[in-house]
Amino acid sequence: MTTEHLIGSISADQPLLVVAVKEEAQFLPGDLPVLITGIGKVHTTLTLMTALAAGVHPSSLVNLGTAGALRPGLSGVHEVSTVIQHDLDTALLRTLTGETYGAPVELPHTGGVTLASGDSFVADGVLKDSLALRAHLVDMEGYAVAATAQRLGLPARLVKIVSDDADEGAAKSWPVTVAECARALADWVAREL
């Protein structure tokens, strides 16, 4: 059985909730469609594009999920203003090709939170400190959702809840905090959507 699947039906008059894993979706209300993509930018992009290839596009994409805090004192739910890829060397590629690959995606929310997405689960204090110079939070799917929405001309919102500190304890923290995080994301959906 594949982990990627759509719960409900996509319709033009509703947002599509996009989450990486079932644990993050466990408390979401049943009145909105939910796409579980699997982990990472590639899985997310492929699953999302496949779901939208049928031609029915939702009113917007809302990516909900957990994230690691890159800076001290960050907790709770945050809506993202800018998302970058931390594992793609955009500057070097521009030097080599003259083209920009992986440019930051700006979102309509003006809260000033920057999310760094990459295909590695960040559980390393040295990498965390390096990423903290460019972003507030780190995840593995947000950039894929934002870039797909941008490509298709769909509005997007990225809503992340801090589940861990993106350090050596992150792999132990996430399984312990994910249910509580999922409840908080469901509460955000009930209030905001």
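The values are calculated or read from the model by the stated rules, or taken from the named source; none is laboratory data. Note that this is a predicted model, so its numbers are computed, not measured. Note: ideal-geometry Cβ built from the backbone for every residue, glycine included; neighbour counts use all protein chains shown. For the accessible areas, the whole protein counts, side chains as well, though only heavy atoms, and no ligand, DNA or RNA atoms are used. Shrake-Rupley method; radii C 1.70, N 1.55, O 1.52, S 1.80 Å.
A compact table of results
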| quantity | calculated |
| --- | --- |
| P(r), alpha carbons of region 46-128 - 10 Å bins starting at zero, rounded % | 13, 36, 36, 14, 1 |
| Helical mean residue ellipticity (222 nm; -39500 (n - 2.57) per DSSP H run of 4+; nearest 500) of the chain | -10000 deg cm²/dmol |
| Volume of the Cα convex hull of region 121-193, divided per residue and given in Å³ | 97 |
| For S117, net neighbour charge (Lys/Arg +1, Asp/Glu -1) across residues whose Cβ lies under 13 Å away | -1 |
| 12 Å beta-carbon shell around P108, net charge (K/R +1, D/E -1) | -1 |
| Selected from V80, T95, A12, residue furthest toward positive end of dipole (the chain; charges at beta carbon) | A12 |
| Aspartates and glutamates whose Cα lies under 16 Å from that of K160, excluding same-chain neighbours fewer than 8 positions away | E23, E24, E79, E106, D139, E141, E180, D187, E192 |
| Relative contact order, percent, the chain [alpha-carbon distance under 8 Å, six or more residues apart] | 28 |
| Cα point-scatterer Debye curve for region 1-47, base-10 log of I(q)/I(0) at q = 0.23 Å⁻¹ | -0.80 |
| Within a Gaussian network of the chain (alpha carbon springs, distance under 10 Å), most fluctuating of G68, G30, G40 | G30 |
| Residue-level accessible surface for R157, protein heavy atoms, 1.4 Å, Å² | 70 |
| Scattering profile of region 65-193 at q = 0.16 Å⁻¹ [log10 I(q)/I(0), Debye over alpha-carbon scatterers] | -0.79 |
